[in-house]
Amino acid sequence: MDSPKTALADPKIIDGKDISQAVKGELALAVAEAIKGKTRNPGLAVVLVGDNPASKAYVKSKIAACKAVGIESFLIELPADTAQAVVAEKVKALNLDQKVDGILVQLPLPKQISSAAILALIDPAKDVDGLCAVNAGLLLQGADGLFPCTPLGVMRLLAHHDVALAGKNAVVVGRSHLVGKPLAMMLLQENATVTICHSKTANLPEVCRQADVLVAACGQAEMVKGSWVKPGAVVIDVGINRVESSDGKGRLVGDVAYNEAYEQARLITPVPGGVGPMTVAMLLSNTLKAFNSRIG
Ligand code: GUN
């Protein structure tokens, strides 16, 4: 396989790294504006249970990003064998902590802990992951709320490239709470005709070929083939999968067979450097939004 095409000056490639930097620049200015006359900066609490290396790396990048835009972060690290009740008490304390505007419980949690039960405890006004039932319901209603960061990041990438959505066919492959379902609602809100596909969808390649905007968020390495992409479509790859490579180090690929899809697409996100960097930027944006609603 060819090496992935780089984002350098290729107008077909949606450069999430570059766009997320621009968003963070805007956020730094917005934070500076929001704290004028206030006694504190926005605050994000991140709860990390256990020592999953990928989670640790994500949390580190979230905390560094907070610092870069003027958001104070509070890292709560708990051992892998922490009981559910202890995590629950921590979340309840953060709900009451006035310095904390956003609470993020890094997933996945160790198996003795019910993620659903913990996420349900987060005050909806501090739910910067947008995963609680109140915020999911607000999104479904087309009302304002705190919504999941990865779908928000995808919408931001589409807006940045002026991708028309009204009346267009958008196909989302994947129905997770974190990405597929909320993204489908956001695309619908922009008047796209939305199809959500999943493991039981019949004629999946055929359905994908109808898409003007095709989003792969199924968690299967390179599942979406070039032949599934309508010529001229916009392809958004939410996947991040480590696969074996000849040097034994492994390499990151998305849920889209990139080089094949690149040939068909009008615009496409690379992996890494596409959707991924936007997730952190939108977390910061949600934290500022929570700060403004709570303090304003
Ligand atoms: N783990 C992987 N992605 C996410 C995310 O967006 N939020 C949380 N809380 N955990 C994650």
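The values are calculated or read from the model by the stated rules, or taken from the named source; none is laboratory data. Here the structure is a predicted model, which is why all the values come from computation and not from measurement. Cβ sites come from the backbone with ideal geometry, for glycine too, and all protein chains shown count toward neighbours.
Return the residue satisfying two criteria in turn: it lies in the range 22-54 and is farther than 23 Å from T269 by Cβ and assigned to a helix (DSSP H, G or I), and of such residues it is nearest to the ligand (Cβ to nearest atom). Residue satisfying both the conditions and the ranking: P53.
Selection of first residues in the range 6-21 that are modelled with pLDDT under 95 and assigned to a loop (DSSP other than H, G, I, E, B) and of second residues that are surrounded by fewer than 21 Cβ atoms within 10 Å (Cβ to Cβ) and of a type in the set (S, T, N, Q), restricted to Cβ pairs under 6 Å at least 6 apart or on distinct chains, gives an empty result.
At least 2 residues that are closer than 26 Å to C132 by Cβ in each: list the helices (runs of 4 or more DSSP H) lying fully within the range 149-262 that qualify.
Ranges flagged: 149-160, 180-189.
Among residues of the range 118-133 being assigned to a loop (DSSP other than H, G, I, E, B) and within 11 Å of the ligand (Cβ to nearest atom), the one that is nearest to S176 (Cα to Cα) is L131.
Checking the range 278-287 against the condition returns no match, with no residue being under 19 Å from E222 (Cβ atoms) and either within 15 Å of the ligand (Cβ to nearest atom) or under 20 Å from the mean Cα position of the chain (by Cα) (or both).
Scanning the range 158-180 for residues that are crowded, with 22+ Cβ neighbours inside 10 Å, within 18 Å of S20 (Cβ to Cβ) and not β-branched (V, I, T) yields a single hit, L158.
If the condition is being within 14 Å of the ligand (Cβ to nearest atom), touching a Leu at 6+ places or on another chain (Cβ under 9 Å) and closer than 20 Å to P148 by Cα, then the range 76-107 contributes V91, G102, I103, L104, V105, Q106, L107. Among residues of the range 75-93 that are among the hydroxyl-bearing types (S, T, Y), those with a Cβ under 6 angstrom from a residue that is at pLDDT 95 or above and in a strand (DSSP E or B), sequence gap 6+ or separate chain, pair up as T82/V49. Filtering the range 139-148 down to residues that are in a helix (DSSP H, G or I) and within 18 Å of the chain's Cα centre (by Cα), which residue is farthest from the ligand (Cβ to nearest atom)? Taking the candidates together, the pick is L140. Cβ separations smaller than 7 Å between residues 6+ apart or across chains give the following pairs from the range 131-148 residues that are farther than 14 Å from Q189 by Cβ to residues that are of a type in the set (K, R) and away from the ligand (no atom under 14 Å from the Cβ): L146/K289. Of the residues making up the range 108-117, just one is buried (at least 18 other Cβ atoms within 10 Å of the Cβ) and near the ligand (Cβ under 10 Å from one of its atoms), namely L109. Please verify whether the range 56-69 includes one or more residues that are farther than 25 Å from L27 by Cβ and in contact with a helix residue (DSSP H, G or I) (Cβ under 6 Å, 6 or more places away or on another chain). No: the range 56-69 contains no residue that is farther than 25 Å from L27 by Cβ and in contact with a helix residue (DSSP H, G or I) (Cβ under 6 Å, 6 or more places away or on another chain).
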